[in-house]
Amino acid sequence: MTGLAGVSGVSAFPEPAAAGSGDVPAVEVLSAEKTYPNGTRALLPVDLTVRQGEFVTLLGPSGCGKSTLLKMVAGLLAPSDGRILLWRKPVAQAEASGHRLSFVFQEATLMPWARVAANVRLPLDLAGVPRAEADERVHEALQMVGLDKFAGNLPRELSGGMQMRVSIARGLVTHPTLLLMDEPFGALDEITRYRLDSDLLELWQRKKLTVIFVTHSIFEAVYLSTRVVVMAARPGRMVDELRIDEPFPRGAAFRVSTVFSGYARQLQDSLQRASGSPADEALA
Amino acid sequence: MSASAAPAAPVAPAAPAAPIAPAAPSTAAPLLARPAVQRVFWPLLVAVLLLGLWQGLVVVFKLPVFLVPSPLRVAEVMVTDAGLLFGALFVTLKITLLAFFCATLLGVAIAFAFVQSRVVEIALFPYAVLLQVTPIVAIAPLIIIWVKDPTASLVICATLVALFPIIANTTLGLRSVNPGLMSYFKLNRATRWQTLVRLRIPSALPYFFGGLRISSGLALIGAVVAEFVAGTGGTGTGLAYQILQAGYQLNIPRMFAALILITVTGVLLFALMAMLSNWALGSWHESEQHHE
């Protein structure tokens, strides 16, 4: 874990350079905003710093710009003004710092014609990682999400939850330090979602990841995060921040504790205040 | 458990006989219930009924053979003139397959060019449409005059007819990429080539095979139409030529036989393309999943 970014030229994806650069923030959003050419203000200027190892959730109703913000951090969208730095470098050059980010979409976005193993191997194939090394990594990543027995299956043979796991494995196979997740479990049933939530937390702890997670579920936000960023719509903006100072691992009991509902209440109030309408709408 | 099972056996002395009676319907029913069998059985039944009706009408109304030959008469000619007809079929089939092959190759190449550059597509697409809407009978005489080799001229005509669906479908397919996957490739800094090979081409396959199915039939139609236009001045051996000749000689049964050969060939080509599509996409694409 003492390996620093200096040796990054050896492999396409070096092991995350962790301890040494601990005080460099993983993500700095500096007054970044997004206005579309037609004048739609998707996101008013946002300032946000995410330190390494944090689990930050962007919580808000549809149209609050949470996905826009996440896509700007990933470099999929360019901010119309302001800057975004990853490990103190512009997004496009972030990988020079020896770090890597992975993006997990709302849908599993798997290639329907490729088997699970080939889907997970995709980012390694695109980067030209030798086949033997890639296969080893794929096996490891599939083990992490508990799908190593399904390497030879096609995506359509798996359930929605399993497809999402494959998508997460594809995100982890490159050994990222920063994981960006855009409502990854939004389309899943509640029971599956709970399981994937706790699996994700375990991975986050074990791999010492930094995670930015987008959701519109207050309960998911409280359960997962070390910090929740509350956003509001029309125009999309950041309105509040709430630190969830609860120890990990968080078991199922945490979900039904009074502390948990206390946090949920606070977030609900915050959302309500921002939208000026009953908070039930934000929950829907 | 064994105690209760034991008395059951002697109670039914007819036991060995019993399974035989229900066995016959129980094996017959699932066979007909199978989708694969159904897809052959029901169309075949319709064919038999229609042929029976045809035969019946011809016999009952005593229709002369030079107006409407009976199916049996046509079958007879199919056997007696087999050498002539199947020789002609071979010629037509050769032109069809050559044209189909050229159309596929050319169509895919043009589709790739279209997808690589919007300008190329905008500039050339109207001409692809122009090619499609120009009746082949109108330009076939020109091509036959310009191109000395009769086979080559017929192949060109048939290729022109079969080309458009492949261009249109493949272009559409190469563009119909899941936007999420496209973003994922972009995020991983995939090169143009990687995106083409790993994403665009696999995504285009279902559309491409759809194009193949349409074009296989069109190649045959194109070949037959071109032969008709070329007439006695052409190679003079294909099925269309046989139909023309039979028409002049009022040999209506042979005309029907040639017509049937053309139709059957078209159906077989279509089936072959369907099989190819199923083989290539069966495991993953929705269009090839047969839900019960």
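Every read-out reported here was derived from the displayed coordinates using simple, explicitly stated rules and does not represent laboratory data. The structure presented is a predicted model; accordingly, all values stated were derived computationally and were not measured. FYI the Cβ positions are ideal-geometry reconstructions off the backbone, even for glycines, and counts take in every protein chain you see.
If R0 equals 22 Å, the separation of the Cβ atoms of A:D199 and A:R243 corresponds to a calculated FRET efficiency of about 0.40.
Converting phi to 3J(HN,Hα) with the Karplus coefficients 6.51, -1.76 and 1.60 and the offset θ = phi - 60°, segment A:178-184 yields 10, 10, 9, 10, 9, 6, x Hz in sequence order, with x at every glycine or proline. Is segment A:203-278 best put as rounded, prolate or oblate by its Cα gyration tensor, with a ≥ b ≥ c the root eigenvalues, rounded for a/c under 1.5, and otherwise prolate when a/b is larger than b/c, oblate when not? Oblate is the answer for segment A:203-278, as a/c is 1.5 or above yet b/c matches or exceeds a/b. Computed from the Cβ-Cβ distance with R0 of 41 Å, the FRET efficiency linking A:S159 to B:V137 stands at 0.15. Between A:G262, B:G211, A:M111, the Cα set farthest toward the positive side of the dipole of the protein assembly as shown (charges on each charged residue's Cβ, about the Cα centre) is that of B:G211. Dipole of segment B:71-288 computed with +1 at Lys/Arg Cβ and -1 at Asp/Glu Cβ about the Cα centre; of B:P71, B:A82, B:H285, farthest Cα towards the positive end is B:H285. Counting only DSSP beta bridges with both residues in chain A, what percent are antiparallel, rounded to the nearest 5? In chain A, approximately 50 percent of DSSP beta bridges are antiparallel ones. Distance between the 7 Å Cα→Cβ label points at B:Q116 and A:D269: 6.4 nm. The loop-placed trypsin sites (Lys or Arg not before Pro) in segment B:194-281, going by DSSP, include none that has at most 14 neighbouring Cβ atoms within 10 Å of its Cβ. Sequence-ordered 3J(HN,Hα) estimates for segment A:90-107 from the Karplus curve with 6.51, -1.76 and 1.60 and θ = phi - 60° stand at x, 3, 5, 9, 4, 6, 5, 7, x, 9, 9, 10, 10, 10, 10, 7, 4, 9 Hz, glycine and proline given as x. Annotation for B:F61 and B:T263: the two label points, set 7 Å from Cα along the Cα-Cβ direction, are 1.7 nm apart.
Is it possible to state the helix-based mean residue ellipticity at 222 nm for the protein assembly as shown, with each DSSP H run of 4+ residues giving -39500 (n - 2.57), the sum divided by total residues, to the nearest 500 deg cm²/dmol? What is it?
On the way: 23 runs with 326 residues, N = 576.
Result for the protein assembly as shown: -18500 deg cm²/dmol, rounded to the nearest 500.
Only lysine pairs 8 or more places apart, or on different chains, with alpha-carbon atoms under 28 angstrom apart are counted in the protein assembly as shown, and they number 20. Compared with the dominant Cα axis of chain A, that is its longest principal axis, helix A:160-172 is turned about 70°.
With each label modelled as a point 7 angstrom along the Cα→C-beta vector, the B:V46-B:V197 pair spans 4.5 nm. Since only B:L269, B:L49, B:L32 are under comparison, the one whose Cα sits farthest along the positive direction of the charge dipole of chain B, derived from C-beta charges on Lys, Arg, Asp and Glu, is B:L269. Taking a point 7 Å out from the Cα of A:H139 in the direction of its Cβ, none of the residues of segment A:158-198 has a backbone N less than 13 Å from it. The alpha carbons of the protein assembly as shown occupy a box of 97, 87, 53 Å along the principal axes, longest dimension given first. Taking the 0 to 90 degree range and rounding to the nearest ten, how far is the long axis of helix A:131-144 tilted relative to the main principal axis of chain A, both from C-alpha atoms? It is inclined by approximately 40 degrees. Cα axis of helix A:258-275 to longest principal axis of chain A: angle in degrees, 0 to 90, nearest 10? So the inclination is approximately 70 degrees.
Given a Förster distance of 60 angstrom, what is the FRET efficiency for B:A33 paired with A:D23, based on the Cβ-Cβ distance and rounded to 0.05? E between B:A33 and A:D23, to the nearest 0.05, is 0.30.
Based on the alpha-carbon set only, what is the convex hull volume of chain B divided per residue, in Å³?
Roughly 224 Å³ of hull volume per residue.
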